[in-house]
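As structure tokens, the structure follows; a few thoughts come after it.
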Amino acid sequence: MDEKERIEQGLACFRDDVRATHAYPVQSAEGMVKLDVMENPFRLSAELQRKLGERLGAVAINRYPAEGTQRLAAALARHAGMPQGCAITLGNGSDELITMLGMACAKPGTVVLAPTPTFVMYEISARYQGQRFVGVPLRADFELDGPAMLEAIKEHRPAIIYLSYPNNPTGNLWDAAVIEQIVRAAPGLVVMDEAYQPFADSDSMALMQRHPHVLIMRTMSKFGLAGVRIGYLIGNEALIHEVDKVRPPFNVSVLNAEAGMFALEHVDVYDAQAAELRAQRERVFAALRAMPGIEPYPSQGNMILARVADAAKTFAAMKARGVLVKNSSAAHPALANCLRITIGSADENTAMLAALEASL
Ligand SMILES: Cc1ncc(COP(=O)(O)O)c(C=O)c1O
């Protein structure tokens with residue numbers, strides 16, 4: 001066999017659906033105003049960078065993660081106000097928690113259900129676990145379609161229902177009464193994905209306490225540590241115990257755990273950043289409302305979805321002016337000609353608004 005045949009032999013081992021798909025796209029943003037993936041725009045002050053460097057330098061990187069991860073889990077549980085009788089498990093970002101949940105529930109014929117459009121990883125992860133994904137379209141105003149959700153739950157009996165709350169990419173929270181109905185009708189788990197909780201007037205802890213099949217997933221990414229990769233899942237002890245069994249044993253590195261602890265020790269800094277981003281979101285929303293040729297949707301996240309006449313053209317023109325947003329058009333028919341604009345610092349938002357106005 002020659003080299004080419006050996007490579008073919010290797011490729012033949014991969015699943016057809018894996019070979020037919022693309023890796024998750026990460027846009028290059030070198031030198032641009034980067035407003036595409038809901039990152040927190042703020043760096044630590046020079047003083048805190050120095051202190052963090054000292055802390056990280058002192059970490060025993062020769063050892064596998066152990067107590068440091070447990071300390072971080074306990075600190076996150078306190079930070080989130082985890083109720084009695086609940087437990088927490090950590091992921092390398094909440095992306096990994098979605099994979100872990102899928103893996104732990106991947107019985108033959110299992111269905112994962114979510115309202116759509118929503119965060120794409122629920123569907124991608126379900127597919128890779130051999131599960132069927134059922135997307136139930138949101139209404140035109142991006143509110144939950146209660147009757148359609150209840151009907152789909154009855155028909156498909158999903159093992160996992162994901163509710164991104166606030167929802168990515170639409171940015172909104174949904175009617176609490178409809179969520180309560182969905183939770184009551186769910187035959188399996190309901191995961192409240194609160195990735196954008198730092199910017200929203202929402203907290204699903206009370207819902208989880210009333211209904212122990214509800215799990216709460218959060219992340220330190222939007223809080224300000226997207227590069228560090230720490231997600232956490234809180235829920236009834238018995239349920240979290242099962243999820244934890246499929247967790248790769250050392251999935252949160254000692255450096256990540258230390259950086260996470262450091263951030264929680266400076267939670268006032270991050271709270272102030274979130275408050276600033278919420279204020280900037282209202283400023284950007286008002287500016288978009290006043291701009292002809294664009295329709296923004298109200299948001300409780302650190303992003304705003306907005307519809308324009310020709311998203312591909314506007315996206316390209318903004319990029320040419322050095323501002324990177326996300327063209328969400330292709331993700332779902334309901335998002336036709338929609339741009340998803342992450343809220344940045346005051347200066348970044350000023351640059352974004354100028355580029356957008358000139359690009360419409
Ligand atoms: C709703 C939602 N959940 C989870 C994630 C993933 O976050 P992480 O960085 O923790 O993997 C995202 C990322 O954008 C998201 O929008």
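What to note about this one:
- Yes/no for MET208 being buried (at least 24 other Cβ atoms within 10 Å of the Cβ), closer than 25 Å to PRO198 by Cβ and at pLDDT 95 or above: no
- For the residues LEU97, LEU138, LEU52, LEU90, the requirement of being in contact (Cβ under 8 Å) with a residue 60 or more places away in the chain, surrounded by 15 or more Cβ atoms within 10 Å (Cβ to Cβ) and not assigned by TED's automatic domain parsing to the domain that holds GLY231 singles out LEU52.
- For segment 170-203, the set of residues classified as among the hydroxyl-bearing types (Ser, Thr, Tyr) and at pLDDT below 95 consists of SER202 only.
- Looking only at residues of segment 103-135 that are in contact with a strand residue (DSSP E or B) (Cβ under 7 Å, 6 or more places away or on another chain) and not in a strand (DSSP E or B), we find that the one that is surrounded by the most Cβ atoms within 10 Å (Cβ to Cβ) is ALA126.
- Long-range neighbours under 6 Å by Cβ, at least six apart or interchain, first residue touching a residue at least 40 places away in the same chain (Cβ under 8 Å) within segment 17-38, second of a type in the set (A, V, I, L, M) and assigned to a loop (DSSP other than H, G, I, E, B): LEU35/VAL325; ASP36/VAL325
- Selection status of MET192, within 12 Å of the ligand (Cβ to nearest atom), in contact with a strand residue (DSSP E or B) (Cβ under 7 Å, 6 or more places away or on another chain) and either without any contact (Cβ under 8 Å) to a residue 60 or more places away in the chain or assigned by TED's automatic domain parsing to the domain that holds ALA152 (or both): yes
- Among the candidates ALA274, ALA351, the residue that is touching a helix residue (DSSP H, G or I) at 6+ places or on another chain (Cβ under 8 Å), aliphatic (A, V, I, L, M) and outside the structural domain of VAL120 (by TED's automatic domain parsing) is uniquely ALA274.
- Flag: ALA334 matches the condition of being under 24 Å from ASP141 (Cα atoms), surrounded by fewer than 18 Cβ atoms within 10 Å (Cβ to Cβ), touching a Pro at 6+ places or on another chain (Cβ under 6 Å) and not β-branched (Val, Ile, Thr).
- Residue in segment 265-282 that is modelled with pLDDT of 95 or more, buried (at least 20 other Cβ atoms within 10 Å of the Cβ) and polar (S, T, N, Q) present: no
- Residue within segment 36-44 that is over 25 Å from ASP203 (Cβ atoms), within 16 Å of the ligand (Cβ to nearest atom) and within 21 Å of the chain's Cα centre (by Cα) present: yes
- Within segment 46-98, being small (Gly, Ala, Ser), within 16 Å of the ligand (Cβ to nearest atom) and outside any loop (DSSP other than H, G, I, E, B) holds for ALA73, ALA80, GLY91, SER94.
- Residues of segment 24-40 include at least one that is modelled with pLDDT of 95 or more, surrounded by 10 or more Cβ atoms within 10 Å (Cβ to Cβ), assigned by TED's automatic domain parsing to the domain that holds GLU348 and out of contact with any strand residue (DSSP E or B) (no Cβ under 9 Å at 6 or more places or on another chain).
- Taking segment 143-173 as the range and being within 14 Å of the ligand (Cβ to nearest atom), in a loop (DSSP other than H, G, I, E, B) and in contact (Cβ under 8 Å) with a residue 40 or more places away in the chain as the test, the residues that pass are PRO166, ASN167, ASN168, PRO169, THR170, GLY171, ASN172, LEU173.
- As for segment 174-183, it holds no residue that is more than 16 Å from the ligand (Cβ to nearest atom), in the same structural domain as GLY93 (by TED's automatic domain parsing), over 15 Å from the mean Cα position of the chain (by Cα) and in contact (Cβ under 8 Å) with a residue 60 or more places away in the chain.
- Residue within segment 158-168 that is surrounded by fewer than 18 Cβ atoms within 10 Å (Cβ to Cβ) and not aromatic (Phe, Trp, Tyr) present: no
- For segment 37-91, a residue qualifies if it is over 27 Å from MET121 (Cα atoms) and in contact with an Asp or Glu (Cβ under 7 Å, 6 or more places away or on another chain), and the qualifying residues are ARG55, LEU56, VAL59, GLY68, GLY85.
- The lone criterion from (1) closer than 30 Å to ALA346 by Cα; (2) aromatic (Phe, Trp, Tyr); (3) more than 14 Å from the ligand (Cβ to nearest atom) left unmet by PHE199 is number (3).
The values are calculated or read from the model by the stated rules, or taken from the named source; none is laboratory data. Being a predicted model, the structure only gives us computed values, none of them experimental. Counting neighbours? That spans all protein chains shown, and the Cβs are built from the backbone with ideal geometry, glycine included.
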